[in-house]
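Below you'll find the structure, written out as structure tokens, and then a few comments.
The values are calculated or read from the model by the stated rules, or taken from the named source; none is laboratory data. Everything numeric in this text was worked out from a predicted model, so none of it was measured. Cβ placement follows ideal geometry from the backbone for every residue including glycine, while neighbour counts extend to all protein chains displayed.
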């Protein structure tokens, strides 16, 4: 696994907090993915080679797919899935579970943060990502939730972040 100085992690909203929900063909989603791609490319240009995603629905999966596309052009890139617990995707719709599995199968590393679900496992996953990273990229709209908690934790740990606003 790669070290903290070259590692960038990600936090962002699930579809329920995105104005377009699950409609990834919405122009706002397309624009967000472009901004996220630009952020990942900029992180690469700054020397980041290892990327960590929390594998949640929505922005986490966008981020993972963007990093996998970058890895196709830049073989020195690696992607780590920080999975909060083995049952993370069990209750998701079938198409989302297939997408999750396709991404997970292409990751260079899989870190399962704990062996069972508990109310704090998502937060533990988020802390793991921040603790192992030198940069956090966030898609954030200002509302309370896991993304805000992760940003606050990164700030408390002195990990810089790049905030990408949801339009």
Legend entry - Exclusive hit being closer than 14 Å to residue 56 by Cα and crowded, with 17+ Cβ neighbours inside 10 Å, set 107, 121: 121
Inset, instruction - For region 51-61, indicate whether the set of residues that are within 19 Å of residue 127 (Cβ to Cβ), part of a helix (DSSP H, G or I) and in contact with a strand residue (DSSP E or B) (Cβ under 7 Å, 6 or more places away or on another chain) is non-empty. - result: yes
Inset, instruction - Can you tell me which residue among 137, 52 is modelled with pLDDT of 95 or more and within 19 Å of residue 17 (Cα to Cα)? - result: 137
Legend entry - Residue tally, condition in contact (Cβ under 8 Å) with a residue 24 or more places away in the chain and loosely packed, with under 12 Cβ neighbours inside 10 Å, over region 145-161: 1
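Would you confirm, using the coordinates I've provided, whether residue 118 is assigned to a loop (DSSP other than H, G, I, E, B) and under 14 Å from the mean Cα position of the chain (by Cα)?
So residue 118 fails the test.
Within region 104-115, does at least one residue satisfy the condition of being assigned to a helix (DSSP H, G or I) and touching a residue at least 40 places away in the same chain (Cβ under 8 Å)?
Looking through region 104-115, at least one residue is assigned to a helix (DSSP H, G or I) and touching a residue at least 40 places away in the same chain (Cβ under 8 Å).
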Inset, instruction - Only one of these is modelled with pLDDT of 95 or more and surrounded by 19 or more Cβ atoms within 10 Å (Cβ to Cβ): 68, 18, 79. Name it. - result: 79
Inset, instruction - Filter region 69-87 down to residues that are outside any helix (DSSP H, G or I) and under 24 Å from residue 39 (Cβ atoms), then give me how many there are. - result: 11
